[in-house]
There are 2 protein chains.
Amino acid sequence: MTRDLTVTEVRLTPILVADPPLLNTQGVHQPYTPRLIVEVVTADGVTGLGETYGDTKYLELARPLADRLTGRQITDVNALFGLDIAVNASRVDGAVDVGGLRGVQTADKLRLSVLSAFEVACLDALGRALGLPVHALLGGKVRDSVEYSAYLFHKWAAHPEGVPGEKDDWGAALDPAGVVEQARRFKERHGFTSFKLKGGVFPPEQEIAAVRALAEAFPGHPLRLDPNGAWSVETSLRVARELGDLLEYLEDPALGTPAMAEVAARTDVPLATNMCVTTFAEIAEAFTKGAVQVVLCDHHYWGGLRNTRQLAAICSAFGVGVSMHSNTHLGVSLAAMTQVAATVPDLHHACDSHYPWQSEDVLTERLAFDGGRIAVSDAPGLGVELDRDELARLNRRWTEDDGALRDRDDAAAMRVAEPDWVTPTMPRW
Amino acid sequence: MTRDLTVTEVRLTPILVADPPLLNTQGVHQPYTPRLIVEVVTADGVTGLGETYGDTKYLELARPLADRLTGRQITDVNALFGLDIAVNASRVDGAVDVGGLRGVQTADKLRLSVLSAFEVACLDALGRALGLPVHALLGGKVRDSVEYSAYLFHKWAAHPEGVPGEKDDWGAALDPAGVVEQARRFKERHGFTSFKLKGGVFPPEQEIAAVRALAEAFPGHPLRLDPNGAWSVETSLRVARELGDLLEYLEDPALGTPAMAEVAARTDVPLATNMCVTTFAEIAEAFTKGAVQVVLCDHHYWGGLRNTRQLAAICSAFGVGVSMHSNTHLGVSLAAMTQVAATVPDLHHACDSHYPWQSEDVLTERLAFDGGRIAVSDAPGLGVELDRDELARLNRRWTEDDGALRDRDDAAAMRVAEPDWVTPTMPRW
């Protein structure tokens, strides 16, 4: 073997990607959202791709961590997780990310969120170097395709007038009929057979009505509702009672493990989370209290694909379901999610994916959903190719930004349309 | 890449290996013990090695599982764990293995115990094919050597007269002075700096005296005592009180999670186990009850090296320590243990290893302890080579055996010396 797997370069490219005006309990998505594209280059000239959050605090950490990766073997990733790279305390102490939508903030989680992109890039590079798909490096796939659910949002037809941004053809969805229409287009375009509705935007009655309308329009299709912790325990229980058997699960109805545990103790509707369990340190309390029945893993938070498999094993041992969380991400991360999801035996819920909302990507060829599923690539690495022109274009957008969009802030975006908007105090209802 | 990683042959070689007359609460080790050596051969002619238990019920399962591995890629192992290969119910329903020394028996655990050898052999073959050490296939080592503890046994000087068996030069150890002398030789020969004493053989007072004698002879050396569940809760607590701070941990003082939980609730001495938590299904109850503070992983039971990493992650998330269990095994398994242990971040206790008691091995070169540590090999695969002549010799011993030794039975061995010996009812004390 004359192969040289030493990392000789780590390229970090921050970009801004178009995002439609999707509503959540914190506000609305800005017209562009920051992502970081990572390229790990080996001495042999093999390049592996990774992707993660691109807000300033992630970028600040990415450079020092990239320096520590350089000179290592791409197979020598575990030791990176033990590095105590300093994190600017003001970035995490008491900080919240996108109004808390990304769960607890800790220095360790911030490091993991950056390292995840390096781990994925190293696995991609290793797979390419060896001619093996990433799933084979994780012990092999146990399924040939991974099911995703349609990710429905209440949304405006367009970003506020005067705000630069891309147009989309999805139209508005501001009532139950609009949600059903959106679901219908998701099903037509991508074949999804399960639906998640982002809630916490309108009073619970309206969102209950939306779920009922979905259930009527798509009988037998699993449905989920996710208000991002916007409800009190009592409201959560009321929604659970009213929607009952219509729901596959309720996602983060209330904020924090104690509130989730209280809800879980008083309803049979399973509770899912990507807010109260987003780090290994939060698992023991939540599982011991029976606060959650499904953990939605975001492989960025959790530190990559091997850690995702470990989280899945923990869930399995405790009889807790596992699936995958997603927010604005591109095809690199979707490919990574698909590769690892293919290896997890106890994956019994369709994964979330925000990908259909992204009109832009850095791949030469977009990943395609067929029947709501992504085929598991058996090509080397992640099985995707970087479109350098598009990467450069999206990076120019980031470079030319005046800083307004470099840190995702859904409340700020909302204030453009509603100047009096303040970040809601939870629970809103 | 023209490499062909297809499994074209799985060679299964049962062997009998010499074992000294080591005493435990069930009886005494037989002069020879069964192991199974697995060779996985790829289309390219690369051979990977694995090793597991060799009793009849493991062998019975090994052939059908080997047939399912043949034709797969060596990178395609995860899916094997989902195969529902029939297990002869009489082998597991209510059965105990070596008087219960291997913990609960289930069909799934029996499958995992066989598959572990296949998984290790596939990783070894993959590493050899790619020129990478096994640890690199698991994300890379986080340490350059793995610490092991000396595994002290009460023992006879020799197997009973008239019983065929190999001689050993360790002499007898039937009282505290004998145990200290044995420890001294372990330290001289291999440099071990922590000691585990297999207990449950003599009344607790004598074993307490042995631990005190060790503490006096080797101040500052971590000490463990393991009676294999031979004590009542009250006896366990009495030993814990008497030995208190002298112990790094008490291993399986009482039998089963409820009894362990009761002991744990009433002592500050940490409890370790390789008996009440030997499967993923047993974790939730034990961890929720705080029954154990350290899980000793036997990678054979748990299904191999990736599963060992998953167990370690579960332990870490719950603040439970992890280390490694060992009983009679050869260098293939010691190499596998060392490779995976090298990748586990939270490994804070020296691993057990029975290896110094094995005078025979199937390797061309024995693994050597230096300062009680095994250096983590960076050679391709496990970094060990098979001695085919020795494998053939030990297999002939198995073939020529009349069946008496094909299933380990420590009570039967004891009856040779003490015809009235019956398997003790637990708790003995």
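The values are calculated or read from the model by the stated rules, or taken from the named source; none is laboratory data. Nothing here was measured: the structure is a model prediction, and the numbers come from that model. Here the Cβ is made from the backbone with ideal geometry for all residues, glycine too, and neighbour counts use every protein chain on show. Remember, those area values only see protein heavy atoms, side chains included, never the ligands or the DNA or RNA. Shrake-Rupley method; radii C 1.70, N 1.55, O 1.52, S 1.80 Å.
Limited to the range B:346-366, what total is found for residues that are farther than 22 Å from residue B:167 by Cβ and assigned to a strand (DSSP E or B)?
So the answer is 3.
From the list A:345, A:380, exactly one residue is in contact with a Pro (Cβ under 7 Å, 6 or more places away or on another chain) and either within 14 Å of chain B (Cβ to nearest Cβ) or modelled with pLDDT under 95 (or both). Which is it? Before you say what the answer is, go through the steps one by one.
On the way: A:345 fails: in contact with a Pro (Cβ under 7 Å, 6 or more places away or on another chain).
Every option except A:380 fails the conditions.
Given (1) farther than 18 Å from residue B:424 by Cα; (2) open to solvent by 30 Å² or more (accessible area, probe 1.4 Å); (3) in contact with a helix residue (DSSP H, G or I) (Cβ under 9 Å, 6 or more places away or on another chain); (4) hydrophobic (A, V, I, L, M, F, W, C), where does residue B:265 come up short, assuming only one miss?
All conditions pass for residue B:265, except number (3).
Look through B:150, B:177 and report the one residue that is among the hydrophobic types (A, V, I, L, M, F, W, C), out of contact with any strand residue (DSSP E or B) (no Cβ under 9 Å at 6 or more places or on another chain) and not in a loop (DSSP other than H, G, I, E, B).
Working: B:150 fails: out of contact with any strand residue (DSSP E or B) (no Cβ under 9 Å at 6 or more places or on another chain).
Testing whether each residue is among the hydrophobic types (A, V, I, L, M, F, W, C), out of contact with any strand residue (DSSP E or B) (no Cβ under 9 Å at 6 or more places or on another chain) and not in a loop (DSSP other than H, G, I, E, B) leaves just B:177.
Here are the criteria: (1) part of a helix (DSSP H, G or I); (2) open to solvent by less than 10 Å² (accessible area, probe 1.4 Å). Tell me which single one residue A:343 does not satisfy.
(1)
Please give the number of the condition residue B:158 fails out of (1) over 22 Å from residue B:305 (Cα atoms); (2) of a type in the set (Gly, Ala, Ser); (3) modelled with pLDDT under 95; (4) not in a helix (DSSP H, G or I).
Every condition holds for residue B:158 apart from (3).
Only one of these is among the polar types (S, T, N, Q) and buried (at least 24 other Cβ atoms within 10 Å of the Cβ): A:145, A:149. Name it.
Details: A:145 fails: buried (at least 24 other Cβ atoms within 10 Å of the Cβ).
Residue meeting the stated conditions: A:149.
Just wondering, is there one or more residues in the range A:286-296 that are on the phi > 0 side of the Ramachandran plot, more than 14 Å from every other protein chain (Cβ to nearest Cβ) and in contact (Cβ under 8 Å) with a residue 24 or more places away in the chain?
Filtering the range A:286-296 down to residues on the phi > 0 side of the Ramachandran plot leaves A:290.
Within this subset, residues satisfying the condition of being more than 14 Å from every other protein chain (Cβ to nearest Cβ) are none.
Within the range A:286-296 (the criterion being on the phi > 0 side of the Ramachandran plot, more than 14 Å from every other protein chain (Cβ to nearest Cβ) and in contact (Cβ under 8 Å) with a residue 24 or more places away in the chain), the answer is no, since none of the residues qualifies.
Take the range B:407-429 and flag every residue that is closer than 16 Å to residue B:164 by Cα and either assigned by TED's automatic domain parsing to the domain that holds residue B:15 or open to solvent by 70 Å² or more (accessible area, probe 1.4 Å) (or both).
B:415, B:416
Hey, does the range A:392-403 have a residue that's at pLDDT 95 or above, aliphatic (A, V, I, L, M) and not assigned by TED's automatic domain parsing to the domain that holds residue A:323?
Within the range A:392-403, the first condition is being at pLDDT 95 or above, and the residues that meet it are A:392-400.
Right, trim to aliphatic (A, V, I, L, M) and you get A:392, A:394.
Checking which are not assigned by TED's automatic domain parsing to the domain that holds residue A:323 leaves us with A:392, A:394.
Yes, some residue in the range A:392-403 is at pLDDT 95 or above, aliphatic (A, V, I, L, M) and not assigned by TED's automatic domain parsing to the domain that holds residue A:323.
Suppose we keep only residues that are touching a residue at least 12 places away in the same chain (Cβ under 8 Å) and within 13 Å of chain A (Cβ to nearest Cβ) within the range B:79-111. Which one would you say is surrounded by the most Cβ atoms within 10 Å (Cβ to Cβ)?
For the range B:79-111, the residue satisfying everything is B:80.
Consider the range B:268-284. How many of its residues are open to solvent by 10 Å² or more (accessible area, probe 1.4 Å) and either at pLDDT below 95 or within 10 Å of another protein chain (Cβ to nearest Cβ) (or both)?
5
Any chance the range A:348-358 includes a residue that's over 22 Å from residue A:114 (Cβ atoms) and more than 16 Å from the chain's Cα centre (by Cα)?
Checking the range A:348-358: at least one residue is over 22 Å from residue A:114 (Cβ atoms) and more than 16 Å from the chain's Cα centre (by Cα).
Any chance the range B:360-372 includes a residue that's within 14 Å of chain A (Cβ to nearest Cβ), more than 30 Å from residue B:421 (Cα to Cα) and in contact with a Pro (Cβ under 8 Å, 6 or more places away or on another chain)? Break it down stepwise before answering.
In the first step, residues of the range B:360-372 are kept if they are within 14 Å of chain A (Cβ to nearest Cβ); the result is none.
No: the range B:360-372 contains no residue that is within 14 Å of chain A (Cβ to nearest Cβ), more than 30 Å from residue B:421 (Cα to Cα) and in contact with a Pro (Cβ under 8 Å, 6 or more places away or on another chain).
Can you pull out every residue in the range B:367-378 that is part of a loop (DSSP other than H, G, I, E, B), more than 16 Å from residue B:333 (Cα to Cα) and open to solvent by 20 Å² or more (accessible area, probe 1.4 Å)?
Those that are part of a loop (DSSP other than H, G, I, E, B), more than 16 Å from residue B:333 (Cα to Cα) and open to solvent by 20 Å² or more (accessible area, probe 1.4 Å): B:371, B:378.
Please find, within the range A:112-146, the residue that is nearest to residue A:36 (Cα to Cα) out of those that are more than 10 Å from chain B (Cβ to nearest Cβ) and out of contact with any strand residue (DSSP E or B) (no Cβ under 8 Å at 6 or more places or on another chain).
The extreme case among them is A:115.
Identify, by number, the condition in (1) away from chain A (no Cβ under 14 Å); (2) not in a loop (DSSP other than H, G, I, E, B) that residue B:164 doesn't meet.
Unmet for residue B:164, out of (1) away from chain A (no Cβ under 14 Å); (2) not in a loop (DSSP other than H, G, I, E, B): (2).
What are the pairs, 6+ residues apart or on separate chains, where a residue within the range B:305-317 that is in contact (Cβ under 8 Å) with a residue 60 or more places away in the chain has its Cβ under 7 Å from a residue that is buried (at least 24 other Cβ atoms within 10 Å of the Cβ) and among the small types (Gly, Ala, Ser)?
Pairs found: B:305/B:336; B:306/A:139.
Look through the range B:53-67, keep the residues that are over 17 Å from the mean Cα position of the chain (by Cα) and open to solvent by less than 10 Å² (accessible area, probe 1.4 Å), and return whichever of them is nearest to residue B:81 (Cα to Cα).
The selected residue is B:65.
Hey, does the range B:300-309 have a residue that's more than 14 Å from every other protein chain (Cβ to nearest Cβ), of a type in the set (D, E, K, R) and surrounded by 22 or more Cβ atoms within 10 Å (Cβ to Cβ)? Explain how you work it out, then say what you get.
Here is the first cut: in the range B:300-309, the residues more than 14 Å from every other protein chain (Cβ to nearest Cβ) are B:300-301.
Add one more test, that the residue is of a type in the set (D, E, K, R), and what stays is none.
The answer is no; no qualifying residue exists.
Yes/no matrix, rows are residues, columns are (1) under 27 Å from residue B:348 (Cα atoms); (2) buried (at least 22 other Cβ atoms within 10 Å of the Cβ); (3) of a type in the set (Asp, Glu); (4) modelled with pLDDT of 95 or more:
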{"position": "B:163", "(1), (2), (3), (4)": "no, no, no, no"}
{"position": "B:199", "(1), (2), (3), (4)": "yes, yes, no, yes"}
{"position": "B:210", "(1), (2), (3), (4)": "yes, yes, no, yes"}
{"position": "B:237", "(1), (2), (3), (4)": "yes, no, no, yes"}
{"position": "B:242", "(1), (2), (3), (4)": "yes, no, yes, yes"}
{"position": "B:251", "(1), (2), (3), (4)": "yes, yes, yes, yes"}
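Among what's in the range A:1-52 and is of a type in the set (A, V, I, L, M, F, W, C) and open to solvent by 20 Å² or more (accessible area, probe 1.4 Å), pick the residue that is nearest to the other protein chains (Cβ to nearest Cβ).
Residues of the range A:1-52 of a type in the set (A, V, I, L, M, F, W, C): A:1, A:5, A:7, A:10, A:12, A:15-18, A:22-23, A:28, A:36-38, A:40-41, A:43, A:46, A:49.
Pick out the ones that are also open to solvent by 20 Å² or more (accessible area, probe 1.4 Å) and you get A:1, A:12, A:43, A:46.
Working: A:1: 3, A:12: 22, A:43: 14, A:46: 12 Å.
So, considering only residues that are of a type in the set (A, V, I, L, M, F, W, C) and open to solvent by 20 Å² or more (accessible area, probe 1.4 Å), the one nearest to the other protein chains (Cβ to nearest Cβ) is A:1.
For the range B:78-98, enumerate the residues that are aliphatic (A, V, I, L, M), farther than 18 Å from residue B:305 by Cβ and part of a helix (DSSP H, G or I). Don't jump to the end; show me each part of the working.
Taking the range B:78-98 first, the residues aliphatic (A, V, I, L, M) are B:79-80, B:83, B:85-87, B:89, B:92, B:95-96, B:98.
Checking the rest, the ones that are also farther than 18 Å from residue B:305 by Cβ come to B:83, B:85-87, B:89, B:92, B:95-96, B:98.
Once the filter is applied, which keeps residues that are aliphatic (A, V, I, L, M), farther than 18 Å from residue B:305 by Cβ and part of a helix (DSSP H, G or I), the range B:78-98 yields B:89, B:98.
Please go through the range B:53-77 and give me each residue that is within 14 Å of chain A (Cβ to nearest Cβ), in a helix (DSSP H, G or I) and either in contact (Cβ under 8 Å) with a residue 24 or more places away in the chain or in contact with a Pro (Cβ under 6 Å, 6 or more places away or on another chain) (or both), ordered by number.
Let us first name the residues in the range B:53-77 that are within 14 Å of chain A (Cβ to nearest Cβ), namely B:68-69, B:71-77.
Applying the additional criterion that residues be in a helix (DSSP H, G or I) yields B:68-69.
Residue satisfying the conditions is B:69 alone.
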